[in-house]
Amino acid sequence: MLIVMKNKATKTQIKSVVKAIEKLSLKAEQLPGAQRTAIGVTGNKDYIDQGRILNFPGVKEIIHVTKKYKLVSREFKPQNSKVRINKDITFGGKAPVIIAGPCSIESYEQLLEIARKVKALGADMLRGGAYKPRTSPYSFQGLEEEGLEIMSKVSKKIGIPTISEITSTDQLDLFKKHTDMIQIGARNMHNFDLLKKVAKLDKPILLKRGMSATMEEFLLAAEYILNEGNPNVVLCERGIRTFEQSTRNILDLNTVALIKEESHLPIIVDPSHAAGRYDLVAPLAKAGLAVGADGLIVEVHNDPKNALSDGGQSLTFDSFKSLIKEL
Ligand code: PEP
Ligand code: MN
């Protein structure tokens, strides 16, 4: 539910409505707009006597948000949200944010070389997995804590902000210490306990869409994070599973375009995990930006043939260079 204040409503009038809502054990979030402030109300609204709220000085009207997702919806907040990483990097800003790096952190030397190169070629942020959610328990599982320490050192040396995937609440302290942004992977999009606890770290979060999650489920997963008081969520479309077997996943550009209508959150595209093969990464990356994505996350490796994970979809430095040029 949205309580829309009159455009001449005073701060005191807004505060007294917020107080009245909070007295009912509901959450009230102020959403300042260009013309007027709205107050977003979440929780069990059965307790609200709407007539009483309408009688508060400064209240214009009450609007019911019809969607299941509230805080992430454009009904709640019409303006695009911006998620800031540092003074130069903002998702939802003017330029698309480019995240590049290996699927997995394999060694200090490997990550240093990749970081140096992708930064020089135009990447804004460095990716690299330390805890790898692999389909098979016999595949490389990541360097874990050592991987995050490597990432932290490389980041300081090269001067590039980092992102890595968290897979368990046991890792919260390590991620708080070592990364600038935290990725929640496709396999954990439905891990609501993890979503709620990562939200509390007060770091920007990249939330990837589950491989069989509907748009509504995806937005509701983001709603969990905003509902914990963390508005710094960037969505990521990384391909969904369909009957088609010729590529790893299908990059669902419909949903990218639709989410731009439905939600104020920035959304980026991961062409690497969508395609599963390096030769389709560039066309999918371009398509993603063409439908309005706010950035890309792309796997780049110094030696894709010998990568410990996802080598087949990783770009070489040369192909990453061409991609950036074409973009
Ligand atoms: C990844 O980014 O390395 C990854 C495992 O992605 P996803 O969760 O989209 O499969
Ligand atoms: Mn990968």
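Over the range 139-198, what per residue volume does the convex hull of the Cα atoms give, in whole Å³?
Numbers: hull volume 5.2 nm³, N = 60.
Output value, Cα hull per residue: 87 Å³.
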Estimate the FRET efficiency between GLU228 and ILE250 by the formula 1/(1 + (r/R0)^6), using the beta-carbon distance for r and 35 Å for R0, to the nearest 0.05. 0.65
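Once fully extended, how much extra length lies between LYS305 and ALA290, figured as 0.36 nm per residue of separation less the alpha-carbon to alpha-carbon distance? Show your work: numbers first, answer last.
Details: separation 15, 0.36 × 15 = 5.40 nm, distance 3.02 nm.
Working it through step by step, the gained length comes to 2.4 nm.
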At a Förster distance of 45 Å, what's the computed FRET efficiency of LYS60 paired with PHE243, Cβ-Cβ distance as r, to 0.05? 0.35
Which percent, to the nearest 5, of DSSP beta bridges fully inside the chain are antiparallel? 40
Averaged per residue, the 1.4 Å probe accessible area of the chain, protein heavy atoms only, in Å², is roughly 47
Once both label points are put 7 Å beyond Cα along the C-beta direction, the LYS67-ALA257 separation in nm becomes 1.7
By how many nm would the segment from GLN79 to LYS156 lengthen if fully extended, with 0.36 nm per residue of separation less the alpha-carbon distance? 24.3 nm
Where in the chain are the DSSP H helices whose alpha-carbon span along the long axis reaches 15 Å or more and whose Kyte-Doolittle mean is at least -0.5? 11-23, 108-121, 145-158, 215-227
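Treat every Asp and Glu Cβ in the range 204-327 as -1 and every Lys and Arg Cβ as +1, leave all other atoms uncharged, and give the resulting dipole magnitude about the Cα centre to the nearest 20 debye. Kindly include the intermediate steps, with their values, before the conclusion.
Values: 11 positive and 17 negative charges, 77 e Å.
Roughly 380 debye for the range 204-327.
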Which order do the peptides 305-315, 123-133, 8-18 come out in when sorted by mean C-beta neighbours inside 10 angstrom, highest first? 123-133, 305-315, 8-18
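Using the Cα gyration tensor of the range 65-191, with a ≥ b ≥ c the square roots of its eigenvalues, what is the shape: rounded (a/c below 1.5), prolate (a/b larger than b/c) or oblate (neither)?
Working: a/c = 2.30, a/b = 1.33, b/c = 1.73.
Taking the square roots of the gyration eigenvalues as a ≥ b ≥ c, the range 65-191 is oblate.
Given +1 on the Cβ of Lys and Arg, -1 on the Cβ of Asp and Glu, and no further charges, what dipole in debye does the chain carry about its Cα centre, rounded to the nearest 20?
On the way: 47 positive and 38 negative charges, 281 e Å.
It works out to roughly 1360 debye.
Give the carbon-plus-sulfur fraction of the accessible surface of the chain in %, rounded to a whole number; probe 1.4 Å, heavy atoms of protein chains only. Walk me through the numbers before you get to the answer.
Numbers: 7500 of 15240 Å².
Answer for the chain is 49 percent, counting heavy atoms of protein chains only.
The values are calculated or read from the model by the stated rules, or taken from the named source; none is laboratory data. If you're wondering where the values come from, they're calculated on a predicted model, not measured in any experiment. Cβ: placed from backbone, ideal geometry, glycine included. Neighbour counts: every protein chain shown. Please note that ligands, DNA and RNA were not included when accessible areas were found on the heavy atoms of the full protein model with its side chains. Shrake-Rupley method; radii C 1.70, N 1.55, O 1.52, S 1.80 Å.
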